[in-house]
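Below is one structure, written out as structure tokens; the observations come after it.
The values are calculated or read from the model by the stated rules, or taken from the named source; none is laboratory data. These numbers come from a predicted model, not from an experiment. Every residue, glycine as well, gets a Cβ built from its backbone with ideal geometry; the counts of neighbours run over all protein chains shown. Accessible surface areas use protein heavy atoms only, side chains included; no ligands, DNA or RNA. Shrake-Rupley method; radii C 1.70, N 1.55, O 1.52, S 1.80 Å.
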Amino acid sequence: MKFFIDTANLDDIKQAYDLGVLDGVTTNPSLMAKEGITGDANVKAHYKAICDIVDNNVSAEVIATDFAGMVKEGEELAKIDDKIVVKVPMIKDGVKAIKYFSDKGIRTNCTLVFSAGQALLAAKAGASYVSPFIGRLDDISHDGLSLIEQIVQIYDNYGYETEVLAASVRHTMHLVQCAEIGADVVTCPLKVITSLLNHPLTDSGLAAFLADHKKASQK
Ligand code: E4P
């Protein structure tokens, strides 16, 4: 399973990359705004800075919602770096844009997916990744993880190459359950990745090993 980090914060991206487990980055307009990145040139420079940190797979989202606008923006984003994946919302013109990009060999991530039907459309249009938002479904009392299960099953039935990118992953159980289900990718904040390290028995076990080693060396 690939690990993507869901942030536009360069320090967080560096920390996850330095851990040696990072396969990519997802951003969205809210995450870019959170970092105070505004204006076309600054936005593009920031995507380039992210691409310079990681090895591949940097999702950069279009703002336009019409086909021509999405194509124009997506082509410009794709020119920034080969690592860019153009992120396109699951709307009618978005599906058309995904098909257009797919025919041109530009990778896409279909975002804001909340149903299996939407995921099926994204795959048929040739999306490289589909992003179902688990946490946001849980927020409205729907089972986000069962949507991941449904999509994995549907893609397996027909051999679609679109990768299931579980998004809006809020905690380690989401991540581990996505791995059990067979999601291809998870994207989450740095804290979720680093929380995977934690176990009290690891801490107490290590403390005991080190104490025993110290005692033995003092004899
Ligand atoms: C996906 O690519 C989105 O950026 C993201 O996962 C949304 O997560 P949130 O629901 O925690 O904002």
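Things worth noting here:
- Yes/no for Thr108 being of a type in the set (S, T, N, Q), surrounded by fewer than 24 Cβ atoms within 10 Å (Cβ to Cβ) and touching a residue at least 12 places away in the same chain (Cβ under 8 Å): no
- Residues satisfying the stated conditions in the range 1-49, i.e. more than 12 Å from the ligand (Cβ to nearest atom), within 16 Å of the chain's Cα centre (by Cα) and not in a helix (DSSP H, G or I): Met1, Lys2, Phe3, Asn9, Val21, Leu22, Asp23
- Extreme residue, least open to solvent (accessible area, probe 1.4 Å), among residues of the range 147-176 that are under 24 Å from Leu190 (Cβ atoms) and charged (D, E, K, R): Glu163
- Scope the range 1-12; condition surrounded by 20 or more Cβ atoms within 10 Å (Cβ to Cβ) and either free of Cβ contacts under 8 Å to residues at least 60 places away in the same chain or over 22 Å from Val185 (Cβ atoms) (or both); matching residues: Ala8
- In the range 179-195, the residues that are at positive phi and surrounded by fewer than 20 Cβ atoms within 10 Å (Cβ to Cβ) form no Cβ pair under 7 Å with any partner that is assigned to a loop (DSSP other than H, G, I, E, B) and aromatic (Phe, Trp, Tyr), whether six or more places apart or across chains.
- Considering the conditions (1) crowded, with 17+ Cβ neighbours inside 10 Å; (2) under 21 Å from Val164 (Cβ atoms); (3) of a type in the set (D, E, K, R), Lys124 is excluded by exactly one of them, (1).
- Scanning the range 102-117 for residues that are in a helix (DSSP H, G or I) and either acidic (Asp, Glu) or over 23 Å from Asn157 (Cβ atoms) (or both) gives a single hit, Asp103.
- Residue selection: Val88 satisfies the criterion of being buried (at least 19 other Cβ atoms within 10 Å of the Cβ) and within 16 Å of the ligand (Cβ to nearest atom).
- Whichever residue in the range 58-82 is in a loop (DSSP other than H, G, I, E, B) and open to solvent by 50 Å² or more (accessible area, probe 1.4 Å) and, among such residues, is farthest from Ala33 (Cα to Cα): Asp82
- Evaluation of Gly144 against (1) surrounded by fewer than 20 Cβ atoms within 10 Å (Cβ to Cβ); (2) more than 14 Å from the chain's Cα centre (by Cα) (one fails), failing number: (1)
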